[in-house]
Number of protein chains: 2
Amino acid sequence: MTIKELTLDLEKYGDKTITLSGWVRSNRAQKEFGFIMLNDGTKLTNTQIVYDLDLSNFKDVQKISVGSSIKVIGKVYLTPERKQTYEIKASEITIIKDAGENFPIQAKRHTREFLREQAYLRPRTNLYNAIFRTRSVLAFAVHQFFQDKGFIYVQSPIITSNDGEGAGEMFTVTALKPGEKDFSKDFFGKEVFLTVTGQLHAEAYAQAFRNVYTFGPTFRSENSNTPTHAAEFWMIEPEMAFCDLNGNMEIAEEMVKYLIKVAFEKLPEEMELFNNFVDKSLIDRLENVLNKPFRKVKHHDAITILKEANQKFEYLPEYGKDLAKEHEKYLTDVHFKSPVFITDWPKDIKAFYMRLNDDNETVAAVDLLVSGSGELIGGSQREERLELLEKRMQELNMHSDGIDWYIKLRKYGGTTSSGFGMGFERMIMFVTGIENIRDVISFPRTPKNCDY
Amino acid sequence: MTIKELTLDLEKYGDKTITLSGWVRSNRAQKEFGFIMLNDGTKLTNTQIVYDLDLSNFKDVQKISVGSSIKVIGKVYLTPERKQTYEIKASEITIIKDAGENFPIQAKRHTREFLREQAYLRPRTNLYNAIFRTRSVLAFAVHQFFQDKGFIYVQSPIITSNDGEGAGEMFTVTALKPGEKDFSKDFFGKEVFLTVTGQLHAEAYAQAFRNVYTFGPTFRSENSNTPTHAAEFWMIEPEMAFCDLNGNMEIAEEMVKYLIKVAFEKLPEEMELFNNFVDKSLIDRLENVLNKPFRKVKHHDAITILKEANQKFEYLPEYGKDLAKEHEKYLTDVHFKSPVFITDWPKDIKAFYMRLNDDNETVAAVDLLVSGSGELIGGSQREERLELLEKRMQELNMHSDGIDWYIKLRKYGGTTSSGFGMGFERMIMFVTGIENIRDVISFPRTPKNCDY
């Protein structure tokens, strides 16, 4: 059986003999007895195994090293008066595979930098076990949230011939021999790339299914070595036909709150660990997010707030310009003390497909800023008016190669449509308090780093 | 409101005035009245809108073309005595965007070949609407199945430096300028590829979490223009520590049956459409799969069955060799009349990481064959014995570059581990009866084809 099954029905197993298999997290051997902390991966907390001279292989068991896999047959002793409410008295311990003395992850505190270099072993530590269980539970919660609402999951393509954001920074995908450059002879007969967004494809599907979402890997070849950038990360991109910017914000707020609720409900041990060992203000901060409606402010008004703030910024806030990290922080932590949607951004600092407002200066774009993580979500109402979309592309000197079909959507019954993108890793960082994206991706890809 | 909401609670809306938005599937205009079939994407079947001269814009409405988006305000008339149990009498119809006469998908039967060229519009047809709703529902069912069992979802890396299958056929990912070939100057400082499998990474996580699964895109640069090959497809790869080949088959059988059950329960309209218009034996075949335990036979015994069969094969069945399509078909359709697990394959035709059986000739591998689709699943118990794994790699002249960590897993407490891979598209084809993989991928990628 698994440790999770045992703990879910602990009373039932009192004084019963059971069999567990797992990995040794520590082994304190005394002269005539010893304690093994066993983890089988099904639960964050370890199970204490007590053993003594009764074991025929006592001497071997004393020497079992950290990381080894073992099988234990033993009796369950309930100890409800203690913090650790049960332990197992072993009658038989089988060593499946000893990890040896060189096992890199010993029962002591390792730095996260060191553990990143042991990416294939680090989920065997408490912190990373908690992080990757959280990632799994929240990934499922994302699907549950949208499926419950009847959204259709679209697995949008990874290899693509277009640059969805128009921002460059794309990886080329090729089957040509190194050094060859005649893409007409390549696998696809032209140059193709790793996708930066599934949005354009999701829009096509929203015009058939009304409400859709993507959840898949996206890529940037941006040479940024920062704690928040990775070359490969997962994005969630809902797209809703017959939905305007307000409807877009409603879904975004509901989704963020839903994911936090799921974390509290399904991951109490993990959330406690993050709050104790990663960020002591984490649970307070997340509860604050749950407890009130998110605020909304236009970009212009946000700049006014920043200009009037009794605070010296390194970068002066300016109408028509983007917000700096320090501005975001002031808005979420000092002024609003709440997550805040910044809407109606200057068109020149946003993507070509966003819907032009009647002022001809701003677009129906929205960023969600949250305390700690800054921008968690970016979205917009899409420009559904063919002539305005084409005009904007001309202004930006964009060609329509590869996205003529996207433009044609506007011709063929294209309606109001809105959507947003949320970097899944950003959400995991927000919920766990972890500050480096390399710690929430199983095998992170960053500049000069593609091990494993 | 949506058509799905309406139909879920139809009685309640009888004689009520409601508002619907959607796309026109057909418009039959008579002299003094007309009928629009409206679809808003939330349900496969259309809703009939009746309109007449009472509409102030009757003449414009008469001309609304297929594919256009409209908003309808109207009264719900229940017609329980008819096949179509309700219709809407419109009091107001607003044309949001007319699709024009050139809309490629008219209200007639188009070939699937033609519709593949309209990949961004084809989900607006009944067949593709049903296919991609099925894909979404079954993708979620895959997650539900594993999450209910406590499996951890691992989003294994897409960009990787190793060739998991050792079979070549990988796409290179690069940020170098076309023609440059010094990978030491590339983004990752070395040549990297699109993954062909998440298995190796899943194995590392199974040694921490016990039961894990991946569900993500995988890639092959194989130049195969067949109905069952795509360069980009999604794979599901569970991996279970402390689990042998029998446990592996149990999970595989349970999963296949679960997915079929979900299709029957959640997609009755869609399954009826597939059975009527794609494959008239579909529902019978799937029910047959549900109703009895899958059979199991060793590869050697399967060859004996084939050799003794009263049937002439194009390719002679041979001990030690792979099965041909015709052999698979004979086993599932004629001999066993059931899905069948073929186990204990000759080591020379299987991957390096599969566990050597005591006969030193076969490995603990398994393929699941099903009627219609052939191989649906391939899996194995992994070779956990370090010295045997290294010996096998030597025999195959494999180097350990990039997978030294994978080999080391065997050192560091590595236990028995088993898992399998299921191509998600193969499963969708099996459940829908669709025979071409290009028809179950939103924007398929095949040789010389990367449009959209």
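Data table
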quantity: Amide H contacts of B:PHE171 (H built 1.01 Å from N, under 5 Å, at least 5 apart or other chain); calculated: B:LEU194, B:SER221
quantity: Cβ-based net charge around B:GLU239, under 9 Å, with every Lys or Arg adding one and every Asp or Glu removing one; calculated: -1
quantity: Heavy atoms of B:MET1 accessible to a 1.4 Å probe, total area in Å² rounded to 10; calculated: 60
quantity: Charge tally in the Cβ shell below 12 Å around A:ASP54, where Lys, Arg are +1 and Asp, Glu are -1, A:ASP54 excluded; calculated: -1
quantity: Nearby lysines by direct alpha-carbon distance to A:LYS312 (threshold 24 angstrom, same-chain neighbours under 8 apart not counted); calculated: A:LYS296, A:LYS298, A:LYS321, A:LYS325, A:LYS329, A:LYS337
quantity: Amide H within-cut-off set for A:VAL363, under 5 Å, with H built and near neighbours excluded; calculated: A:TRP345, A:LYS347, A:ASN357
quantity: Placed amide H near B:PHE187: partners under 5 Å, 5+ positions off or other chain; calculated: B:ALA175, B:LEU176
quantity: Two-decimal Rg to Rh for chain B - Kirkwood Rh, Cα set; calculated: 1.05
quantity: Shape category assigned to the stretch A:245-317 from the gyration tensor of Cα positions, a/c cut at 1.5; calculated: oblate
quantity: Accessible surface of A:HIS201 - all protein chains present, 1.4 Å probe, nearest 10 Å²; calculated: 0
quantity: Radius, Kirkwood style, for the stretch B:189-338 when every pair of distinct Cα atoms is counted (Å); calculated: 18.9
quantity: Residues B:ASP358 and A:ASP333, FRET efficiency given R0 of 60 Å [Cβ-Cβ distance, rounded to 0.05]; calculated: 0.40
quantity: Exam field: A:ARG295 pseudo-label spacings to other copies (7 Å along Cα-Cβ), nanometres; calculated: 7.0
quantity: 3J(HN,Hα) from dihedral phi, the stretch B:349-357, Karplus parametrisation 6.51/-1.76/1.60, rounded to Hz, x for glycine, proline; calculated: 10, 10, 6, 4, 8, 7, 6, 6, 6
quantity: Per-residue average of Cβ from other chains inside 10 Å of A:127-134; calculated: 2
quantity: Chymotrypsin sites (Phe, Trp or Tyr not before Pro) restricted to DSSP loop in the stretch B:274-334 with at most 16 other C-beta within 10 Å; calculated: B:PHE313, B:TYR315, B:TYR319
quantity: Loop-located trypsin sites (Lys or Arg not before Pro) in the stretch B:377-434 whose Cβ has at most 16 other Cβ within 10 Å (DSSP); calculated: B:ARG385, B:LYS411
quantity: Simple spin-label estimate for A:GLU180 and A:ILE73 in nanometres, 7 Å along Cα-Cβ; calculated: 6.1
quantity: Simple spin-label estimate for A:ASP9 and B:TYR319 in nanometres, 7 Å along Cα-Cβ; calculated: 4.7
quantity: Debye intensity ratio in log₁₀ form over the Cα atoms of the stretch B:164-257, taken at each q of 0.15, 0.16 Å⁻¹; calculated: -0.78, -0.85
quantity: For the stretch B:3-108, alpha-carbon Rg over 2.2 N^0.38 Å; calculated: 1.01
quantity: B versus A: buried accessible surface, summed, Å² (probe 1.4 Å, to nearest 100); calculated: 8500
quantity: Once the Cα gyration tensor of the stretch A:320-452 is diagonalised, semi-axes √(5λ) in Å; calculated: 31, 21, 13
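The values are calculated or read from the model by the stated rules, or taken from the named source; none is laboratory data. The shown structure was predicted, so the numbers you read here are calculated from the model rather than taken from an experiment. All Cβ positions, glycine included, derive from the backbone under ideal geometry; neighbour counts span all protein chains shown. Please note that ligands, DNA and RNA were not included when accessible areas were found on the heavy atoms of the full protein model with its side chains. Shrake-Rupley method; radii C 1.70, N 1.55, O 1.52, S 1.80 Å.
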